[in-house]
Amino acid sequence: MDETPVAGRPAKKAKPQRRDPAATWKALLDAAVIEFSSHGFEGGRVDRIAQQAGVNKQLVYHYFGSKDDLYRAALEEVYRQIREREQELHLSDLPPEDAMRLLVGFSFDYLADHPEFVALVNDENRMEARHLKASDKVAEMHSPIVELVEETLERGIAAGVFNDRFGPVNLYLSIAALSFFYFANRNTLSVIFDRDMASPAQAARRREHVVSLIVSALRP
C-alpha cells in the first residue's frame with residue numbers, strides 16, 4: 001500500500017521501538033563485567049558501561065540502582081556462571097577418580113578461558129569483599145559445589161580409592177587455590193622464573209601437575 005504523504009495531511013509517525021527489559025538488563029550486566037574486570041571498581045565508569053550496552057546512562061541506575069549495586073551484580077553473575085557450568089559436569093555419572101580429575105581439570109580450564117573471573121575476584125578481595133558481604137545470593141550459590149565435592153569424595157572413600165583425611169570445603173579450597181594462584185600471578189611468575197608462564201606449554205604442564213597433585217593426595 002502506498003504510504004506517500006498526501007498534501008495537507010501530516011505524515012504518520014513511526015511507532016517507537018519498545019525496549020526489551022530483560023535484554024537491556026543482560027546487556028548492561030555483560031558490559032559491567034567487561035568494564036570492571038578491565039578497570040576495577042574504582043576505575044570502572046558507568047558511562048562506558050552504558051555506551052557498551054547501547055543504552056542511556058540513566059538506565060544503569062534504573063535497572064541496578066547504583067554503581068556499587070551494578071558491581072555486586074557483576075560479581076554475582078561471574079560466580080553464577082562458573083557454578084552453573086560445574087553442575088553440567090554430571091560427576092555422579094563417573095567413577096570417583098575420573099570425576100575428581102574432571103572437576104579439577106575443569107576448574108583450571110575455566111579460569112584459563114575466563115580471565116574476567118580472576119580479575120573481578122582479585123579486585124573484590126582488595127576491597128575486603130565489601131560488595132559480596134551485601135549479597136544475599138553468593139553463599140547460596142556455593143552450596144552446590146561443596147555438595148558436589150562431598151558426594152564425589154564420599155563415593156571415592158566408599159570405593160576405597162580415596163582417603164578420608166580431607167573435608168569437602170578444604171578440598172575445594174585446594175582445588176580452587178592451585179589454579180587461581182597460577183592465573184592471578186602469571187605475569188609476576190614469568191619475571192621471577194624467567195619463562196613465559198602464560199605459554200600453552202607451561203599452562204599444560206601446570207594443569208597436569210594440579211590434577212595429579214589433588215588425585216595423589218586423595219589416594220589411600
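Being part of a helix (DSSP H, G or I), of a type in the set (Gly, Ala, Ser) and open to solvent by 80 Å² or more (accessible area, probe 1.4 Å) is true of Ala158. Annotation for the range 170-185: no member residue is modelled with pLDDT under 95, outside any helix (DSSP H, G or I) and either in contact with a strand residue (DSSP E or B) (Cβ under 8 Å, 6 or more places away or on another chain) or more than 19 Å from Arg80 (Cβ to Cβ) (or both). Annotation note: Cβ proximity below 7 Å between a residue of the range 81-97 that is assigned to a helix (DSSP H, G or I) and a residue that is open to solvent by 60 Å² or more (accessible area, probe 1.4 Å) (sequence gap 6+ or interchain) occurs for Leu91/Leu102; Ser92/Glu151; Pro96/Arg155; Pro96/Ala159.
Scanning the range 63-77 for residues that are buried (at least 20 other Cβ atoms within 10 Å of the Cβ) and touching a residue at least 40 places away in the same chain (Cβ under 8 Å) turns up Leu70, Tyr71, Arg72, Ala73, Ala74, Leu75. Could you check Thr152 against (1) in contact (Cβ under 8 Å) with a residue 40 or more places away in the chain; (2) surrounded by fewer than 18 Cβ atoms within 10 Å (Cβ to Cβ); (3) polar (S, T, N, Q) and say which number it fails? Every listed condition holds for Thr152 apart from (2). Within the range 48-86, the set of residues being more than 30 Å from Val146 (Cβ to Cβ) and basic (Lys, Arg) comprises Arg48, Lys57, Lys67.
Open to solvent by less than 50 Å² (accessible area, probe 1.4 Å), of a type in the set (A, V, I, L, M), in a loop (DSSP other than H, G, I, E, B) and in contact (Cβ under 8 Å) with a residue 12 or more places away in the chain - does that describe any residue in the range 129-140?
Checked the range 129-140: no residue is open to solvent by less than 50 Å² (accessible area, probe 1.4 Å), of a type in the set (A, V, I, L, M), in a loop (DSSP other than H, G, I, E, B) and in contact (Cβ under 8 Å) with a residue 12 or more places away in the chain.
Of all residues in the range 105-154, those that are under 20 Å from Leu89 (Cβ atoms), touching a Lys or Arg at 6+ places or on another chain (Cβ under 9 Å) and not hydroxyl-bearing (Ser, Thr, Tyr) total 9. Evaluation of Glu147 against the conditions (1) out of contact with any Pro (no Cβ under 9 Å at 6 or more places or on another chain); (2) open to solvent by 40 Å² or more (accessible area, probe 1.4 Å); (3) not aromatic (Phe, Trp, Tyr) shows that the sole unmet condition is (1).
The values are calculated or read from the model by the stated rules, or taken from the named source; none is laboratory data. What you are looking at is a predicted structure, and each value in this text was computed from that prediction instead of being measured. Note that we place each Cβ from the backbone using ideal geometry, even for glycine, and neighbour counts take in every protein chain shown. The protein model used for the area step is the full one, side chains on, heavy atoms only, and it has no ligands, DNA or RNA in it. Shrake-Rupley method; radii C 1.70, N 1.55, O 1.52, S 1.80 Å.
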